[in-house]
Each structure stands twice: as structure tokens, then as C-alpha cells.
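The values are calculated or read from the model by the stated rules, or taken from the named source; none is laboratory data. Note that the structure is predicted; figures quoted are calculated from it, not measured. So basically every Cβ, Gly included, is an ideal-geometry build from the backbone, and we count neighbours across all protein chains shown. The accessibility values were calculated without ligands, DNA or RNA, using every heavy atom of the protein model including side chains. Shrake-Rupley method; radii C 1.70, N 1.55, O 1.52, S 1.80 Å.
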Amino acid sequence: LSNFTTSQLPPGLLTNLISQGLIPGIGGVLVFVPQIAILFFFIALLEETGYLSRVVFIMDRLMRPFGLNGKSVVPLLSSVACAIPGVMSARTIADPKERLITILVAPFMSCSARIPVYTLLISLVIPKTYLLGVFNLQGIVLFGLYALGIIFALLTAILLNLLLKKEKKGFHIMELPEYKSPRLANVGITVLEKVKLFVTDAGKIIVAISILLWALATFGPASRDQQLKQLTKSKQYIEASSTQQQELYAATSLSGSYMGHLGKSIEPVIEPLGYDWKIGISLLTSFAAREVFVGSLATIYAVGEAGSNDRLINKLKEEKKPNGQPMFSLATGMSLLIFYVFAMQCMATLAVVKRETKTWKWPLIQLAFMGVVAYLGAFCAFQLLS
């Protein structure tokens, strides 16, 4: 739809706003609808049959030491697919404190949006070797990242359980219903209500932030126009193919935009993590969604959004620091992996947390806490492996 709009409407700022800001923003909302619908369809089926009540009852004793209850299992497991339906499914938890803790720790579970980042960085810095001739080292690292997220979610739950005040001790009382065939009408109504809530409430926030990110990446100071003019007159640009020219133009435009300047301004802060301004831009743009990190790197390194992962990996391997050392070393790669395990790089999740808690207080605390943990974790990883 974005490409169709670009081809049908006259070139200009309004067309760019619609095709590159508004439509991708709406797409950023609708892309989660199938996951939410499928997840709540199966949860509703389990509830209707009476099976979910038994799962909750069995898991309750295991989850109590972490300040959670049996019903927290469903949101945490759901968050491995996507934190958005996971946070929404915490509504079934009656106790306000346990529900809030579940919502705040759910994003630590490694969701599917992290997989493109994990696979790119693991392919880049982890060798294709086998331990004991059986265990794939790249697979072990990926497993370790998932395990790290789960462990830290439970540790954070313990911390929140100690910090958050509670007037009286909660008890898990529930009636175990008989097993029965599900009523599809009830299931359908549940799914429809959950999808409608997400699209109408969280969707507005997601679209607004998408347009803001587009504006920062589209506009820039006057110096950017000079850079683009110099680029179009350069020998490299003139001798390049039309596809390469588009990639070079997009890379120069992004680096000279307000987003690019913002990425360069935070370079002193992220330098101890082993990152440069190019990685800084990718970190900022990936706040729209974690997987955008890969596309941003492709644009900055003039590989193109449609460039294959192999082409991007080869380009990143060739990248050097001013001192001649590889930019994407094992230390930098592991630092980025640890950062993405912990960081709240998802505006859609923040929007849903705001919707569920009915205040900006908890999403902002969550954003700050996860950001600090991600920074410290990435710093330790880089310094230890350097």
C-alpha cells in the first residue's frame, strides 16, 4: 500500500508523510493483530474447556516466591511470542500488585521481534563451530539469550515484590470448573474485544510515535542538503548503478537528518559500550520496533532495506574503527545482544502498558529501568570481552 501510494500520488512532502509515516504507522499496529487474535483464541478455548484453571492452580505454588501467581504463567509464556498480547492477558489476574508485577516483567521475555537482531549479530560475531561435536555454538548463544531474559524477569519480579507495598496478603481462591466443550460464540466475542481494545487505544499512540520518528528521519538541517549535493556530484555516485545511487542517497540523507544528528550526539554515551554513531542511529530508530535495527543498519551502510542478510553481514565485517580494529568484534556483538535482551525497544508495548495501567507512570519507570539494566549489561559485556 505504501509503494502504491508513492506511485499514484504526486511527489512531495504530503505523499512522503502518508506513504512513509502514516501507512507504516498503521501497519505497525495491524501487524500485531494476527498474533493477538490467535493467542487470545487459544487462551479463550482453554478457559472455556476448564483446562486453563488447572494450569493456573498447578503453577500457583511455583510462582508465589517471585511475587506472582499461577495466572502470571500465561502472560509470561505469551510474551515469548509478543509482549503486547502478554501484557493484555494479565487482565485475568485479580490481585492488583501481582498483575502490575506481571505487566512490568513481561517484556524481559525474548519476543519474536528480537529474533532478526539475534540472528544477524550471532551470524556476525559467533563462529559456526560445534562443542563436543554435537552442540552448535550459535544455537547455544541463542538459547542463552532466551534463558537470560527469563532469569532476569523472575529476579525483577522478586525485587518488585519487595518494593511494592500491599495492604494485605493475597490468596489464590478459584473454582475448578468441569471439563466441557467450548462455546465458540464466547471465544469469538473475547477475541474481538481484545483486538478492538488494542487497535483503538494503543494504536493511536503507536501511529503518533511512528510519525514522529519519520519526521526525525526525514527532516534535517541545511548542512544535509549540502552533503546530498556533494554526493550527487561525486565520482562514486556518478559511476554507481541506479540501485546503488538510491542506497547511497538514502544513507547520506539518514545520517544528515535530525535522527542522524541525534545518533551522533549520543555517541559519547554509547562509546563505552563499543558503539559508534551509526549503531546509535539504529538504536534510536529501532524504538519503533526492535527488528527495525536491521533495516536501519542496511540503510546506513548503503546495502538497502531489501539487501540480503549475507550482504549486510559482509559489509559489517569490513567496517573498521579509526584505530583499524573491526567495529563489530565479539565484544561489540555480545554487547549489542545483551542490550537487546534487556532494553525496552518497543513503543507498541509501552502504549499497551499505558493502556493497561491507565497512567504513564509505570511505562516510563519500566522504560527507564530496562534502559539502565540494558546499558549496564552491555557495558559489562563489552568491557569483559574487550
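Largest mean-square fluctuation among LYS233, LYS354, LYS194, in a Gaussian network model of the chain whose springs join Cα atoms under 10 Å apart, belongs to LYS233.
Its residue count N fixes a reference of 2.2 N^0.38 Å for the range 120-164, and the Cα radius of gyration divided by that reference is 1.65.
Using only alpha carbon positions, build the gyration tensor of the chain, then give the equivalent ellipsoid semi-axes as the square roots of 5 times its eigenvalues, largest first, whole angstrom.
Details: eigenvalues 324, 132, 72 Å².
Sorted largest first and rounded, they come to 40, 26, 19 Å.
Ratio of the range 1-145's C-alpha Rg to 2.2 N^0.38 Å, to two decimals? Before the final figure, lay out each step's value.
Details: Rg = 20.7 Å, N = 145, 2.2 N^0.38 = 14.6 Å.
Dividing the Cα radius of gyration by 2.2 N^0.38 Å gives 1.42.
Could you give the Stokes-Einstein D for the range 192-234 in µm² per second, using the C-alpha Kirkwood radius, 37 °C, 0.692 mPa s?
On the way: Rh = 13.2 Å.
Estimated diffusion coefficient is 249 µm²/s.
Based on the Kirkwood radius over alpha-carbon pairs, what is the Stokes-Einstein translational diffusion coefficient of the range 200-264 at 37 °C with 0.692 mPa s viscosity, in µm²/s? Spell out each step's value before the answer.
Details: Rh = 13.2 Å.
My calculation gives 249 µm²/s for D.
Modelled spin-label separation between ARG311 and LEU192, with each label point placed 7 Å from Cα along the Cα-to-Cβ direction: 4.6 nm. Distance between the pseudo-spin-label points of LYS204 and TYR51 (7 Å out from Cα toward the beta carbon): 3.8 nm.
Please compute the length gained on full extension between GLU178 and LYS361, using 0.36 nm multiplied by the number of residues separating them and subtracting their Cα-Cα distance.
Additional length available on full extension: 61.8 nm.
Shape analysis of the range 88-225 places it in the oblate category; the axes a ≥ b ≥ c from the Cα gyration tensor give an a/c of at least 1.5, with a/b not above b/c.
Please work out whether the range 71-155 counts as rounded, prolate or oblate from its C-alpha gyration tensor, where a ≥ b ≥ c are the square roots of the eigenvalues and a/c under 1.5 means rounded, while otherwise a/b larger than b/c means prolate and anything else oblate?
Working: a/c = 3.52, a/b = 2.58, b/c = 1.36.
Since a/c reaches 1.5 and a/b is larger than b/c, the shape of the range 71-155 is classed as prolate.
Computed over the alpha-carbon pairs of the range 2-49, the distance histogram in 10 Å steps reads 25, 29, 19, 15, 10, 2 percent, short to long.
In the chain, helices alone account for a calculated mean residue ellipticity at 222 nm of -20500 deg cm²/dmol, with every DSSP H run of four or more residues adding -39,500 (n - 2.57).
Across the range 232-242, coupling constants 3J(HN,Hα) worked out from phi with the 6.51/-1.76/1.60 Karplus curve, θ = phi - 60°, read 5, 9, 6, 5, 4, 6, 5, 7, 7, 6, 4 Hz, and Gly and Pro carry x. Annotation: amide H-H contacts under 5 Å for MET344 (H modelled 1.01 Å from N, sequence separation of 5 or more, or interchain): GLY371. To the nearest 10, the accessible area of LYS320 is 110 Å² with a 1.4 Å probe.
A simple charge model with +1 on the Cβ of Lys and Arg, -1 on the Cβ of Asp and Glu and nothing else charged puts the dipole of the range 1-146 at about 260 debye relative to its Cα centre.
Packing around the peptides 238-246, 15-23, 98-106, 113-121, taken as the average count of other Cβ atoms within 10 Å per residue, puts them in this order, highest first: 98-106, 113-121, 15-23, 238-246. Would you mind classifying the range 42-94 by shape? Square roots of the alpha carbon gyration tensor eigenvalues, ordered a ≥ b ≥ c; an a/c under 1.5 is rounded, otherwise it is prolate if a/b is larger than b/c and oblate if not. Here the range 42-94 falls in the oblate category.
If you find the alpha carbon centre of the range 318-358 and of the range 115-194, how far apart are they in angstrom? Cα centroid of the range 318-358 versus Cα centroid of the range 115-194: 19 Å apart. Given R0 = 35 Å, the distance between the Cβ atoms of VAL269 and THR243 translates into a calculated FRET efficiency of 0.50.
What aspartates and glutamates could a cross-link reach from LYS97, if we take a straight Cα to Cα line under 20 Å and drop same-chain neighbours fewer than 8 places away? Cross-link targets: ASP60, GLU167, GLU356. Once the 1.4 Å probe is applied to the protein heavy atoms, the chain comes out at 51 Å² accessible per residue.
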